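Below is one structure, written out as C-alpha cells, with a few remarks after it.
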Amino acid sequence: MSIELPDIERALAEHEPFSWLPADALSDMARSIEVSYKQAGEDVLVLDEPIHHLHFIRSGEVELFRRDGSLYNRLPAGHVFGQMGLLMKGKVRFPATTRKDSLFYLIPSELFIDYCEKYSEFGDFFEVNEHSILEQATQVGTDDMTTVPVTEVIKAEPLLITPDTTVAECAMRISDNYIAAALVQDDQGNLLGIVTDSDLRARVIAKSLPYDTPVGEIMSTEPLVMDDHAYLHEVMLVMLRNNTHHVPIVDDNRVLGIVSLLDVVAHESQNSLLLVRSILSSESVDALAQLSEQLPAVYERLVNEHATSHMIGSAMSVIGASFMQQMAKLAEEELGPPPVPYCLIALGSLARDEQLLVTDQDNALILSDDYDEAAHGNYFEQFSKMVCEGLDRCGYPLCEGLIMASNPKWRMRRSEWRAQFTNWIEKPEPEALLNACIFFDLVAVHGTKIWAKELQKFISTKAKNSKPFLALLARNALKRTPPLGVFKNFVLEEDGRQGKSLNIKRRGTAPLTDIIRVHALATGSMSQNSFERLEDISKTKLLPQEKYDELTNALELLYSLRAHQQMLAIRDKREPNNNIAPDTLSFTRQRSLKEAFNVVAQAQRFLKYRYTANG
C-alpha cells in the first residue's frame, strides 16, 4: 500500500505523544513505519504471541480483550495499542480484533523503546498513560462512581509474596497471573510494600540488578491503602492526587485485593465514556446528530449521581470537544487533506471545561504562517462552514456574535494571532476587553495542537506584565454585579415564563469567572479551568487561604445550582435555561445562594482596589 511520508507524518503529529517529538525524530519515525490493513473482524494481535510493533490506528476501530475473552477496551482512530506487550516480555497481553475495516501504522519495537529512553515526555506517556485515561474517565464517566463500592471491581485474590522473594520469581508470578502488581507481607501478614511491573522495569532491568535480588530491596514501601467501605470514586481521587496506579483494599488488616487504574477505566468504559468513543468513531454528520440526542440523558445522569460541578463541566466539555474534533475529521475526509497545517481551537466555557447544557459554539482557526488566502482560502472557508453548521445540527447553536471559524475574521495565521493578542493587551479598548472574556480561554481541539499551547504561553507572559491591561480588565469584570439588595435580599427580574427570577449565569458564574481570570492572568497561570486557576492562585500570596476556599465553594455552589435547574427542566420537558426563581429553593439553599453572591461581591471590591494602571 502506497502512502506518502508527509501524510504519515502529519497524521502522527495530530496526536499525543507523537506531537511532542522533535521534528527530525518524527520524520525518522515516519520513514520506519510499515502500513497494514485489516478487514472488520480480523485478528490484529493474538494472546501470548510475540509482538514487534506499536500499533497506531490511522482509521477504523479496534477492540481489545482480556485473557478470559471479555471486552477490555474499544479504541477509535488516533489511539495506540500494544505498548504493554512491548514493555513486558515482548508478548501480547491484550489480544486485539478489528471492529471496522482498519488501517494501521506499525512502529518498530526497537524504535519505540529507543524513543521512550531518548525523549522523556514520550516515554512518560506510555508509563503513565493509564493515569491520563483515568482523568478522561473522570471527565466523561463519573455518573455512578460516587455510589459504587470499591469491592465491586476487585476481580481476583491478591498476589502475596515475602520480602526475600527474588525479583525473578516475582516477575514470573506477575506475568503468569496476568496482573501488574504483587503485595509484600511479613510472616505475620503485615503489609510491607508493593512491587509493580513498572518497578521491575525501572529498578531492576534499567539498573541491571541481578535477578536474585530480594524484592524487599526494590519494593515501594508503605503503600497507600483504603478500607473495603470506600467507594470507587474515592479510590480514584487517591490515585489522581498521589499519582499512583495501584491501591490495596483492606478489611481491618486483611488484604482483599488490589484496585488498579485499569479496573477503574474498565468499569467506566461500560458507561458514558462509550458516548465519546461513539462520537469519535462516527462516519457522518447524521450519525453525530443522532448521538447528540443522548446529551440531555447523560447530563441528567451526571447531576442525579451527585457529580461535582467540575466533573459535570469537564464531562460536557469533553463531549463537546469530541463533536468538534469529529466534525473536523469528517470535513477533511470530504475536502481532502488540508493544504497547510492548522489548529482548530475552542473558546470560552468549553475551553475552561465548564460547559453545561445551555451553550452556543465559540471557535476559531490558527493557520500556518505559510497560509495564502488566494491558494488556500476556499478550502478553509468550506472546512469552517462544515464544522460550524455540523455543530449546529448537534445542538451547539451558531454564535450570535459570530465568534466562529466560519467568520473569516477569526481565521488567522499564527503570527497574526500573536499580533492580535498583543494589540488587545497593549491597546485595551472596549471591544478588546469583551474579546478577552472569550478568546483568553482557549484550548486545542484538532490539528497542530502545540500551537494553542504556544499561544496560551504567549498570552500568559504578555498579560502578566501589562498592568494597564489588567486594571482595565478588572474594571470590566465589575460590570456584572450579583443580584443582592442593600439588605442582602435578592434583586429579581421579570421573566415571562417563570415570573420573577434571576439569571445565575449572568449575575453569578460569569462575573466570578471574570474575577478568577483576572487573578490568573496576573499570576501567570496557564490553566484554563476556573477551579484549576484558583489552585494556581492559591500557591501565590495574592489571596489568603480562606479567600481561596470561599471562592472555590461559591463557584461550586453557583455551577451546581445552574446544573440542577437545567436538569429539572429536562425532567419536566421544559427548555433548559439559566434562570432560577429563588422562592422555589429551600430556605437553606436560598441562604447559601445569598452567601455565594456575597462572596462574589466581596471579590469584586477586592478587584477594584487591587488592580490599578500604576500597579
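The set of residues in segment 439-458 being assigned to a strand (DSSP E or B) and more than 25 Å from Thr509 (Cα to Cα) consists of His446, Gly447.
Out of all the residues in segment 574-584, is one or more in contact with a Lys or Arg (Cβ under 9 Å, 6 or more places away or on another chain) and assigned to a helix (DSSP H, G or I)? The answer is yes; a qualifying residue exists. Consider segment 186-230 and keep the residues that are open to solvent by less than 30 Å² (accessible area, probe 1.4 Å) and assigned to a strand (DSSP E or B). The one that is farthest from Gly85 (Cα to Cα) is Gly193. Listed by position, the strands (runs of 3 or more DSSP E) contained in segment 339-438 that have at least 1 residues being open to solvent by less than 10 Å² (accessible area, probe 1.4 Å) and at pLDDT 95 or above are 342-347, 363-367.
Does at least one position in segment 359-382 carry a residue that is under 19 Å from the mean Cα position of the chain (by Cα) and over 30 Å from Ala554 (Cα atoms)? Checked against the condition, which is being under 19 Å from the mean Cα position of the chain (by Cα) and over 30 Å from Ala554 (Cα atoms), segment 359-382 yields no hits at all.
Filtering segment 566-575 for residues that are under 16 Å from Arg507 (Cα atoms) and in contact with a helix residue (DSSP H, G or I) (Cβ under 8 Å, 6 or more places away or on another chain) leaves an empty set. Quick one: is Gly60 under 25 Å from Pro6 (Cα atoms), modelled with pLDDT of 85 or more and among the small types (Gly, Ala, Ser)? Criteria met by Gly60. The set of residues from segment 24-55 being β-branched (Val, Ile, Thr) and open to solvent by 40 Å² or more (accessible area, probe 1.4 Å) comprises Val35, Val46. Applying the set (1) within 27 Å of Arg173 (Cα to Cα); (2) at pLDDT below 90 to Leu5 leaves exactly one unmet item: (1). The condition of being over 23 Å from the mean Cα position of the chain (by Cα) and assigned by the TED database to the domain that holds Ile580 holds for only one of Thr509, Thr552, Thr540, that being Thr540.
Could you tell me which residue of segment 86-97 is surrounded by the most Cβ atoms within 10 Å (Cβ to Cβ), considering only residues that are modelled with pLDDT of 80 or more and within 26 Å of the chain's Cα centre (by Cα)? Once the filter is applied, the top-ranked residue is Ala96. Considering segment 166-185, the residues that are assigned to a loop (DSSP other than H, G, I, E, B) and surrounded by fewer than 19 Cβ atoms within 10 Å (Cβ to Cβ) include one that is farthest from the chain's Cα centre (by Cα), namely Asn177. Taking first residues from segment 515-541 that are on the phi > 0 side of the Ramachandran plot and open to solvent by 20 Å² or more (accessible area, probe 1.4 Å) and partners that are modelled with pLDDT under 95 and among the charged types (D, E, K, R), the Cβ contacts under 9 Å between residues at least 6 apart in sequence or on separate chains come to Gly524/Lys464; Gly524/Asp536.
The values are calculated or read from the model by the stated rules, or taken from the named source; none is laboratory data. None of the values given here were measured: they were computed from a predicted structure. So basically every Cβ, Gly included, is an ideal-geometry build from the backbone, and we count neighbours across all protein chains shown. Accessible surface areas use protein heavy atoms only, side chains included; no ligands, DNA or RNA. Shrake-Rupley method; radii C 1.70, N 1.55, O 1.52, S 1.80 Å.
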